[in-house]
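A short write-up of the structure that comes next.
The values are calculated or read from the model by the stated rules, or taken from the named source; none is laboratory data. The structure displayed is predicted, hence computed values, not measured ones. Here the Cβ is made from the backbone with ideal geometry for all residues, glycine too, and neighbour counts use every protein chain on show. To get the accessible areas, we keep the full protein, side chains included, count just its heavy atoms, and leave off ligands, DNA and RNA. Shrake-Rupley method; radii C 1.70, N 1.55, O 1.52, S 1.80 Å.
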Amino acid sequence: VNIIKLCLVGFGNASKEFSRILIEKGEWLKANLDYDIRVTGICTNSKGSLINHQGIDLKTALREISDNGKFSQESPDLVNLNTVNTIRASKADVMVELSNLSIKDGQPAITHIETAFDCNMHVITANKGPIAWDYNRLLSISKQNNLKFFHETTVMDGAPVFNLVKYTLPGCKILGFKGILNTTTNFILEKMENGHDYDESIKEAQSRGFAEADPSLDIDGWDAAAKTAALSNVLMDAKISPFDVERTGISNIKLQDVLEARNQNKKIKLVSEAYISNGRVITKVYPCYFNIGDVFSTVDMTSSLLSISTDLMGEISIIEKNPEIQQTAYGIYSDLLNLLRDM
Ligand SMILES: NC(=O)c1ccc[n+]([C@@H]2O[C@H](COP(=O)([O-])OP(=O)(O)OC[C@H]3O[C@@H](n4cnc5c(N)ncnc54)[C@H](OP(=O)(O)O)[C@@H]3O)[C@@H](O)[C@H]2O)c1
């Protein structure tokens, strides 16, 4: 059996659900793929960090966080190290970046990834900051060091977006894409169509746990811009940051606009778009009207859609229906399985 050691940076919603999948699938991975997956490091911002080179007991770690909101002070695995030093000390084979997104510069996740590469670790990130801000440089460091760099979960959770292109559309050039990629705005616009006002809709999105406490990241289109930058950097070699995406959010859309659109058999959706013009990749986030019946109009509540234009395969689309946290964790798990296969 091959032992593979992971270091989890962040132990929030995504990381905890991924840990549950590791617990559930551990025996299957050993029996079927001959891999014994062990987590040797866990870092958090405020709940403590753990190291155990034999493998942290994930069930205990999950229970401690759920019971006390932090790791036990009595735990022999508890270390008093910052995140960078915990990554180094974990001696892991793979670092999994699951810390919070910093929209303005992608840090400190970029530093976490550089640290992992410096320690000869492969990297899986669900945090889109590094892909939106620094993809090309990080990819080239990974290649120079013969290390893998996976990021499927950064756009549309576990739905295969990057892998769709990488593994199933060989030889296709990506000419552009158009998508509905931000859950919060899609949810709010849908609620407004049913007559609820803006503030009420934001409050419900927050209480259901997918909008940020500060919803401006979603409302002003920053999250969609980060996803647009990530997709165009990876699929179209755009070499841009979220600041380069022309961005209009939904804050100027009034209940009246949404209801008028409905009367005209249209829906308003926040769209992420990229296309090539004069050899340059142009990227935009903006509210757009769609006729009822258009596939974009059917993407409701927290669902998302990405439609990719290619030179040899025309247009191809993927829809993710109302995902839960398991779909996020699956994206990370699928990256791990692909990484093991490629190693
Ligand atoms: N949730 C989703 O459905 C989803 C979907 C796709 C992608 N993602 C991405 O996945 C990442 C994690 O999301 P989440 O929902 O799990 O977030 P979350 O619940 O807020 O958890 C974030 C975790 O990161 C830790 N953290 C923050 N800064 C850190 C640092 N400097 N060093 C070490 N740990 C640090 C936090 O520590 P504390 O516990 O001490 O606060 C927390 O444990 C984000 O980048 C998000 O954008 C999430």
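Using heavy atoms of the protein chains and a probe of 1.4 Å, the accessible area assigned to E246 is about 120 Å². Gain on full extension, evaluated as 0.36 nm per residue between D214 and R20 minus their Cα-Cα distance, stands at 67.0 nm.
Surface composition of the chain: carbon plus sulfur atoms contribute 45% of the solvent-accessible area (1.4 Å probe, protein chains only, all chains present).
Probing with 1.4 Å while keeping every protein chain in the model, the per residue accessible area of region 1-74 equals 51 Å².
Using R0 = 41 Å, the C-beta based FRET efficiency linking Q256 and E315 works out to 0.80.
In a simple Cβ point-charge model (Lys, Arg +1; Asp, Glu -1; nothing else charged), region 1-152 has a dipole of about 140 debye relative to its Cα centre. Think of the chain as having a plus end and a minus end, set by charges on the Cβ of Lys, Arg, Asp and Glu; of A224, T153, Q206, T153 sits farthest toward the positive end of this dipole.
What does the charge count near A14 come to, summing +1 for each Lys or Arg and -1 for each Asp or Glu among other residues with Cβ under 13 Å from its Cβ? In short, -3.
Between their Cα atoms, which of K178/K284; K191/K269; K16/K203; K178/K227 are more than 20 Å away from each other? Correct reply: K16/K203. By the equivalent-ellipsoid construction on the alpha carbon gyration tensor, region 51-137 comes out with semi-axes of 26, 16, 11 Å, ordered largest to smallest. Among Q264, Q107, Q206, the residue with the largest mean-square fluctuation in a Gaussian network model of the chain, with springs joining Cα atoms closer than 10 Å, is Q264.
When its C-alpha radius of gyration is set against 2.2 N^0.38 Å (N residues), the chain gives a value of 1.02. Structural descriptor for region 235-293: relative contact order 39 percent, calculated from alpha carbon pairs under 8 angstrom and at least 6 residues apart. Accessible area per residue (1.4 Å probe, heavy atoms of protein chains only) ranks I21, I292 as I292, I21, with the largest value leading. With a Förster radius of 35 Å applied to the C-beta separation of W28 and K173, the computed FRET efficiency comes to 0.40. Every helix of 4 or more DSSP H residues in the chain counts as -39500 (n - 2.57), and over all residues that averages to -12000 deg cm²/dmol at 222 nm. Taking D197, D34, D220 as the candidate residues, the one with maximal mean-square fluctuation in a Gaussian network model of the chain, Cα springs under 10 Å, is D34. Counting only heavy atoms of the protein chains and using a 1.4 Å probe, D311 has close to 80 Å² of accessible surface.
What region 205-343 shows is 47 Å² of accessible area per residue, with the surface traced by a 1.4 Å probe over protein heavy atoms. With a Förster radius of 56 Å applied to the beta-carbon distance between N146 and N263, the computed FRET efficiency rounds to 0.40.
Note on region 261-343: the alpha carbon radius of gyration divided by the globular reference 2.2 N^0.38 Å gives 1.41.
When the chain is treated as a Gaussian network with alpha carbon springs shorter than 10 Å, the biggest mean-square fluctuation among H196, H122, H151 belongs to H196. Take every pair of alpha-carbon atoms less than 8 Å apart whose residues are at least six positions apart; their mean separation over the length of the chain yields a relative contact order of 17 percent. Taking each of K70/K128; K25/K91; K239/K266; K5/K104; K47/K166 in turn, the alpha-carbon distance tops 29 angstrom for K239/K266; K5/K104; K47/K166.
Centre-to-centre separation between the Cα atoms of region 23-46 and those of region 174-216: 34 Å.
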